[in-house]
Amino acid sequence: MIAVAGLLVIAACNQLAPRVGVASPLLLLVLGIGIGFLPFVTAIELNPEIVLEAVLPPLLYSTAVSMPVADFRRELRSVSALAVGLVAVSAVVIGLVAHMLVPAIPLPWAIALGAVLSPTDAVAIAIVRGLGVTDRIITILEGEGLFNDATALILLSSAVSAGVARSTDSLEPGALAAQFLTSLALALFIGWAVGTLAVRVRARISESTADTVVSFTVPFLASLPAEYLGGSGLVAAVVAGLITSYRGPWLLSPVHRVNARHNWRTIELILEGGVFLFMGLQAYGIVQEVAEVGYGARTAVILAVSAWVLTVLVRLVFVAPMLVWLGWVRRRRSRRLEYFTSEPLGPREGAVIIWAGMRGAVTLAAAQTLPLSTPARPLLLLVALLVSGGSLIVQGLTLDPLIRLMRPRMAQDDDAQTTTVDLAVTPG
């Protein structure tokens, strides 16, 4: 009955969202928080392994399949900088400040908290996608959200190891870089192999329903072996999705692609809505744990607000030079890179990229993987919940007014420009 009610709530919020002008994930999050605090509702806890291994791989795969590979390749440098450099810097800065504010949290565990809070969420980009910004902004945000999980989870694993050993030796940059490159290489190879093989197998399937069933297994065929061998299962699922997006139009029939897209959209709606609904439902249980161990809500709120402000400030400091560099590239190579000239990124677009860096399900799921022996673990869980939920609500609700205020280049502007060019070159 609970599962049936959840499905009906997800469908209702998806239908209601356009009418009230609020994104469906935000409605589900707020509704989940409200239900969780009702007196007759018991504390709800979701196993984080379910989110990391069963929910996120198909969600990220579905996002990657729908992403134009050509646009992603053009933004590879920007995505790499945000997904690796920004995550690492954010984790260290947040960790140092958290340790200063709450000295009871040892430095390795504080950096573990920073790693939990540093990645943006590709699922949260659903809030941005419907606001009409240019495809280039969406590509950068989606690419960052798809690939920054690997950096964050590797940093989290190393910080936890250092915290258990009560030593910071495993947080050396050289060791972290080697671990990251190894994990990334395994994920890239397995994702490429699974994606290539899956497309070729699906090309030989005549029934579209059977093809859709096979497509549902692809993200798990990529993520599970990668995790078992020490790679990033989430990145492997993303790479398999990108390979499918690139090779699918050449090998798969139009009927198969259309049916698979519709079925995947249904699965994506259920999983995405379920993640945000459960995020809200878990709020009461986490608050209750913090009260039981004696930490005050005031400490959690101060730490969460400080961490959230840092995520925005560090992102601002990191994105601003990146946009300057992209502008220099556009001026130097404008004749060869029409993509950069048709959708330039200036300060107005940069403001959207900075404010759209919301945290979400990955943050909460990663926080719950912290060992039970973690010092002040309930406090860290509550901080993760406040930052992820707060960023979704605050930034998600104010993103549309920010876009209206900043007036960045919108998708309809590019469509109008393309139409004008087409009319200008049409004979007669």
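The values are calculated or read from the model by the stated rules, or taken from the named source; none is laboratory data. Quick caveat, the model's predicted, so the values are computed rather than measured. As a convention, Cβ positions derive from the backbone with ideal geometry for all residues, glycine included, and neighbour counts pool all protein chains shown. Keep in mind that these areas ignore ligands, DNA and RNA; they rest on the heavy atoms of the full protein, side chains included. Shrake-Rupley method; radii C 1.70, N 1.55, O 1.52, S 1.80 Å.
Below, the figures for the structure above:
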{"quantity": "Trypsin sites (Lys or Arg not before Pro) restricted to region 138-234 and DSSP loop, no more than 13 other C-beta within 10 Å", "calculated": "Arg166, Arg204"}
{"quantity": "In Hz, Karplus ³J(HN,Hα) per residue of region 276-287 (6.51, -1.76, 1.60; θ = phi - 60°; x = Gly, Pro)", "calculated": "5, 5, 5, 4, x, 5, 7, 4, 4, x, 5, 4"}
{"quantity": "Over 18 Å [Cα-Cα, region 237-283], rounded percent", "calculated": "47"}
{"quantity": "Per-peptide average of other Cβ atoms within 10 Å, ordering 280-292, 32-44 highest first", "calculated": "280-292, 32-44"}
{"quantity": "Percent of Cα pairs exceeding the 14 Å cut-off, where the set is region 156-218", "calculated": "69"}
{"quantity": "Table column - 3J(HN,Hα) (Hz), region 262-272, Karplus curve with 6.51, -1.76, 1.60, x for Gly and Pro", "calculated": "5, 5, 5, 5, 5, 4, 4, 4, 5, 5, 4"}
{"quantity": "Principal axes of region 1-78: Cα extent on each, largest first, Å", "calculated": "52, 35, 23"}
{"quantity": "Nearest-20 debye value, the chain charge dipole, Cβ charges on Lys, Arg, Asp, Glu", "calculated": "1040"}
{"quantity": "Residue-normalised accessible area of the chain, expressed per residue, 1.4 Å probe, Å²", "calculated": "46"}
{"quantity": "Amide H partners (placed H, <5 Å) of Val133, local residues excluded", "calculated": "Ala411"}
{"quantity": "Residue-span extension gain [Ala81 to Leu269] - 0.36 nm each, minus C-alpha spacing", "calculated": "64.7 nm"}
{"quantity": "Three-way shape call for region 245-332 based on the alpha-carbon gyration tensor, with the a/c threshold at 1.5", "calculated": "oblate"}
{"quantity": "Net charge over other residues, Cβ less than 15 angstrom from the Cβ of Leu402 (K, R count +1; D, E count -1)", "calculated": "+3"}
{"quantity": "Hydrodynamic radius by Kirkwood, which averages 1/r over all alpha carbon pairs of the chain, in angstrom", "calculated": "22.4"}
